[in-house]
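For reference, the structure is listed below as structure tokens.
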Amino acid sequence: MIQRLSLRSTLRLALFGLSLAVIGGCGETRSELDQLETTSQELASTLRWGDPLRLAEFIDPSLREQLSPRGLAAERWRQVRVAVFRAEPPTLISPSQAQQSVSFELINQNTQAVRELSSALTWRYDEQAKRWWLTSGLPELAPR
């Protein structure tokens, strides 16, 4: 018995196939995207379990001085615990740039208040270093 696919299902299947063809045709890009996934997971791990001061290690070295949290901003990162970190799969903007939507559930360690924060991260692939760097900086933890 042959089942008919709805137009919506057919379009989804076609888009999925097209995505696989584009990704499959770019072996190097696929490898770089896998590397970005790994870097994103390392960032999540550092956010959840690591020292907040290590977060600067993910920022592009050419922007690190400008984008690293310092002073009050660094103190805010030390004051919170990331309870939940959700990251959408990264989307390539160009062969060397990607964007990623992320959301956090933060717990203020002093007040135990929980809040959610969403942000878009921008990444740059460094061909020479063979790694991804954060070019958007970390989300601002402004007081409520």
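Please work out which residue is surrounded by the most Cβ atoms within 10 Å (Cβ to Cβ), limiting yourself to segment 35-73 and to residues that are in contact (Cβ under 8 Å) with a residue 12 or more places away in the chain and acidic (Asp, Glu).
Applying the filter and picking the extreme gives 60.
Could you count how many residues in segment 95-141 are free of Cβ contacts under 8 Å to residues at least 60 places away in the same chain, of a type in the set (A, V, I, L, M) and assigned to a loop (DSSP other than H, G, I, E, B)?
Selection size over segment 95-141: 2.
In the set 47, 20, 53, which member is at pLDDT 75 or above and not in a loop (DSSP other than H, G, I, E, B)?
Details: 20 fails: at pLDDT 75 or above; 53 fails: at pLDDT 75 or above.
Answer to the check: 47.
Identify all residues within segment 58-94 that are part of a helix (DSSP H, G or I) and either touching a Ser or Thr at 6+ places or on another chain (Cβ under 6 Å) or farther than 16 Å from residue 35 by Cα (or both); write none if there are none. Lay out the reasoning, then the answer.
Step one: filter segment 58-94 for residues part of a helix (DSSP H, G or I), giving 58, 64-67, 72-79.
Result: 64, 65, 66, 67, 72, 73, 74, 75, 76, 77, 78, 79.
The values are calculated or read from the model by the stated rules, or taken from the named source; none is laboratory data. Bear in mind the structure is a predicted one, so any value in this text is a computation, not a measurement. FYI the Cβ positions are ideal-geometry reconstructions off the backbone, even for glycines, and counts take in every protein chain you see.
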